[in-house]
1. Looking for whichever is within 11 Å of chain B (Cβ to nearest Cβ), part of a helix (DSSP H, G or I) and more than 15 Å from A:ALA71 (Cα to Cα) here; the options are A:SER199, A:SER204. Which one fits?
2. Among the residues of region B:60-72, what is the count of those that are free of Cβ contacts under 8 Å to residues at least 12 places away in the same chain, part of a loop (DSSP other than H, G, I, E, B) and surrounded by 14 or more Cβ atoms within 10 Å (Cβ to Cβ)?
3. Here are some residues: B:LEU93, B:LEU77. Which one is more than 7 Å from chain A (Cβ to nearest Cβ), of a type in the set (A, V, I, L, M) and more than 30 Å from A:LYS29 (Cβ to Cβ)?
4. I'd like the residue in region A:1-48 that is assigned to a helix (DSSP H, G or I) and either among the polar types (S, T, N, Q) or under 24 Å from A:THR182 (Cα atoms) (or both) and, out of all such residues, is nearest to the other protein chains (Cβ to nearest Cβ).
5. Please find, within region A:97-111, the residue that is nearest to A:ILE193 (Cα to Cα) out of those that are within 7 Å of chain B (Cβ to nearest Cβ) and part of a helix (DSSP H, G or I).
6. Within region A:118-130, can one find any residue that is more than 10 Å from chain B (Cβ to nearest Cβ), touching a Pro at 6+ places or on another chain (Cβ under 9 Å), buried (at least 24 other Cβ atoms within 10 Å of the Cβ) and more than 19 Å from B:PHE91 (Cα to Cα)?
7. I'm checking my understanding of the structure. Among residues of region A:85-106 that are touching a Gly at 6+ places or on another chain (Cβ under 8 Å) and not hydrophobic (A, V, I, L, M, F, W, C), which one is surrounded by the fewest Cβ atoms within 10 Å (Cβ to Cβ)?
8. Let me spell it out: the conditions are (1) surrounded by fewer than 19 Cβ atoms within 10 Å (Cβ to Cβ); (2) modelled with pLDDT under 95; (3) facing chain A (nearest Cβ under 8 Å), and B:LEU57 meets all of them except one. Which number is the exception?
Amino acid sequence: MHIPDGFIDLPTSAAFAAASAVAVAGAVKGSRRQLSEQSAPLAGLTAVFIFAVQMLNFPVAAGTSGHLIGATLAMVLVGPYAATLALVVVLIIQAFLFADGGLTALGLSIFNMAVISVWVSFAVFMLLKKILPKTKSWLVVATFISALFSVPAAAVGFVIQYAIGANATFSVGAVLNAMVGTHILIGIGEAIITALTVSAVLASRSDLVFGWDKKDTILEIRS
Amino acid sequence: MKISNRKFFASFLLVSALLAGGASFYASSAPDGLEKVAEDVGFIETAEDHTFGDFTLSDYGIAGLENARLSVGFAGLIGVLATALVAMGLFMLIRKKAPSKNQ
């Protein structure tokens, strides 16, 4: 969902770039509180992993592909603040090194994928954690559902930007229908990849997982 | 089954390198969700060429390298390396510092 230059006009792009800058500043502050000696390298590697998996487009429907965004994956592993920053790093590298995502549209893309997608899935995740049993399996279920929501959420972000400042005149309704429909499908792929990855990390190093509260796994066994 | 930090981080990096450097060759080249919607609805016409569209690495390939597998693979590895440098640097810079000495 990397937006090329030209879809959205410059004033709208500038406004969303400013909003993204504010969000990134907040994420730096939040990360400073949340990142420890151990979770800082995990946050870095999560960005690397997301870059890699974003290269793997999977087919979703006739002539359409999708790829991981990684917002929920990063949110569950390292928390929402560091997740926002990890996504921002990936989007900047893609735009500047690989010509993927326009430069004037960078603020729009950051807002959709590094802000909306991360924080919508964080809200869903926290809600599910409250109502679901506190086991690893249920944590993976919560992750799956949060990821499912994260992709259409980013798609709706684009539709809002289109409604405000599209350079084209096609109806917003048509764009909304097509964007949400397609991205619900891509969201299923996102959810599967995210759940598998989180399961693997939970199995090997659950103590590093932000979304998993029982960090004292070593001292767990009591009589 | 708790594995050491070093082993865990090394495997994480290795998997990323294998995916970007190897598996990426098999990725679908169909337009992604947004691009397809833009084609179907019609606003793809408003897209402009990327500022850096002629750069060596644009569209995840090494310009001039004929072998598609090597081209996307090397581009992927360069991306992994670049992301690692930037992201690690950033997060190491802003993490909570451990107390420097015990009183």
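1. Matching residue, one of A:SER199, A:SER204: A:SER204.
2. So the answer is 1.
3. B:LEU77
4. A:SER31
5. Taking the candidates together, the pick is A:PHE98.
6. The answer is yes; a qualifying residue exists.
7. For region A:85-106, the residue satisfying everything is A:GLN94.
8. Checking B:LEU57 against (1) surrounded by fewer than 19 Cβ atoms within 10 Å (Cβ to Cβ); (2) modelled with pLDDT under 95; (3) facing chain A (nearest Cβ under 8 Å), the one that fails is (1).
The values are calculated or read from the model by the stated rules, or taken from the named source; none is laboratory data. Small disclaimer: the values here were computed from a predicted structure and weren't measured. No Cβ is skipped: glycine too gets one built from the backbone with ideal geometry, and neighbour counts run over all protein chains shown.
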